[in-house]
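To keep things clear, I will list the structure first and then write my remarks on it.
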Amino acid sequence: MLDNSFSYRNDLEYHGYVGISVNRVKLIPMINLLKKQGVSVYSVPVNYKTDHYLSKENAFDIAKMHAKENGLVVNLDSNLVDNSNPIVWKFSAFSINEEKTGGVIMVDRLDGHIWSLDEFDTYMYDYNNYF
């Protein structure tokens, strides 16, 4: 889009920011266009465009503490479910109680708060047009 010499390769994974600031509503059509081309892309609030993220290890500790404080009997996997989302760290939670299922615990990359599913769905819809 901005660099005529850039040639996208489908066999590579790219991380980083395009380096532009666009109103999130105006960015939605561009995100849709890129998604149709098979590019995994996220619109990121400007405050997340930083190198001062919470480390994966610290986020994992927060996820473990959250599970314990909420009486969740789970085994957490320190391997990330999905490392591509620039907003949250996602960890698998597997129930060791047969009455409950597993899931995902999402930890904010900036302030370490636990994201609810509603908060994540709202972000994905409002900023990225994912349903």
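The values are calculated or read from the model by the stated rules, or taken from the named source; none is laboratory data. Given the structure is predicted, the values throughout are model-derived calculations rather than measurements. Quick reminder, even Gly has a Cβ in these numbers, built from the backbone with ideal geometry, and neighbours come from all protein chains shown.
Some notes on this structure:
- Condition check for residue 108: loosely packed, with under 12 Cβ neighbours inside 10 Å and either closer than 30 Å to residue 24 by Cα or at pLDDT 85 or above (or both): no
To keep it simple, each residue is scored yes or no on (1) over 14 Å from the mean Cα position of the chain (by Cα); (2) modelled with pLDDT under 75.
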position: 46; (1), (2): yes, no
position: 54; (1), (2): no, no
position: 64; (1), (2): yes, no
position: 75; (1), (2): yes, yes
position: 85; (1), (2): no, no
position: 96; (1), (2): yes, yes
position: 120; (1), (2): no, no
position: 124; (1), (2): no, no
position: 128; (1), (2): no, no
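- Subset tally (residues that are without any contact (Cβ under 8 Å) to a residue 12 or more places away in the chain and either surrounded by 16 or more Cβ atoms within 10 Å (Cβ to Cβ) or not aliphatic (A, V, I, L, M) (or both)) for region 58-68: 2
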